[in-house]
Amino acid sequence: MYVNFEAGNKAYKLRLNTKNTVALEKSLGCNPLGIFDASGETLPPVTTLVTVLHASLQQYQHGISLNDTYDIFDAYLEEHSVDEFIFIVLDIYRESGLIPKEAETEKN
């Protein structure tokens, strides 16, 4: 139960466990879901996205610093955009149980 994430030809496993979710809440000053505005038209600040990435790296990549996370995010941005990273955040939230996983389609 994690999100596969690639940046700079390196693979990472992203997931928020309870400990890292609480740390993320403290860093953000709000519930992690609060980073999205109600209209869905405003992107969260890059600072917030990097903070989410840093927290989600901690479970499987022990000891990655915030400075390392900046480099990982820079590597991601070499081939992607900030708005594409929003989908990664949503995947992290789904896999971590913060938002419901999309219902599977029924098989006939």
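Filter region 56-70 down to the residues that are among the acidic types (Asp, Glu) and in contact (Cβ under 8 Å) with a residue 24 or more places away in the chain and list them by number.
none
Just give me the residues in region 35-64 being among the small types (Gly, Ala, Ser) and either assigned to a helix (DSSP H, G or I) or within 16 Å of Leu14 (Cβ to Cβ) (or both), in sequence order.
Those that are among the small types (Gly, Ala, Ser) and either assigned to a helix (DSSP H, G or I) or within 16 Å of Leu14 (Cβ to Cβ) (or both): Ala55, Ser56, Gly63.
List every residue pair whose Cβ atoms lie under 8 Å apart, where the two residues are 6 or more positions apart in sequence or sit on different chains, the first residue falls within region 1-20 and is over 11 Å from Asp91 (Cβ atoms) and of a type in the set (Ser, Thr, Tyr), and the second residue, located anywhere, is at pLDDT 95 or above and open to solvent by less than 30 Å² (accessible area, probe 1.4 Å).
Tyr12/Phe5; Tyr12/Leu57; Tyr12/Ile72
With Leu98, Leu43, Leu33 as the choices, which residue is surrounded by fewer than 19 Cβ atoms within 10 Å (Cβ to Cβ), more than 13 Å from the chain's Cα centre (by Cα) and either under 21 Å from Tyr2 (Cβ atoms) or aliphatic (A, V, I, L, M) (or both)?
Unique residue meeting the criteria: Leu43.
Going residue by residue through region 23-34, is there one that turns out to be under 20 Å from Ala75 (Cα atoms), out of contact with any helix residue (DSSP H, G or I) (no Cβ under 8 Å at 6 or more places or on another chain) and not in a helix (DSSP H, G or I)?
No, region 23-34 contains no residue that is under 20 Å from Ala75 (Cα atoms), out of contact with any helix residue (DSSP H, G or I) (no Cβ under 8 Å at 6 or more places or on another chain) and not in a helix (DSSP H, G or I).
If only one of Tyr60, Tyr70, Tyr2 is among the hydroxyl-bearing types (Ser, Thr, Tyr), at negative phi, open to solvent by 50 Å² or more (accessible area, probe 1.4 Å) and within 11 Å of the chain's Cα centre (by Cα), which one is it?
Tyr2
The values are calculated or read from the model by the stated rules, or taken from the named source; none is laboratory data. Predicted model, so just to flag it, every value in this text is computed and none were measured. Reconstructed Cβ throughout: ideal geometry from the backbone, glycine too, with neighbour counts over all protein chains shown. Just so you know, the surface numbers come from the protein's heavy atoms only, side chains and all, with ligands and any DNA or RNA stripped out. Shrake-Rupley method; radii C 1.70, N 1.55, O 1.52, S 1.80 Å.
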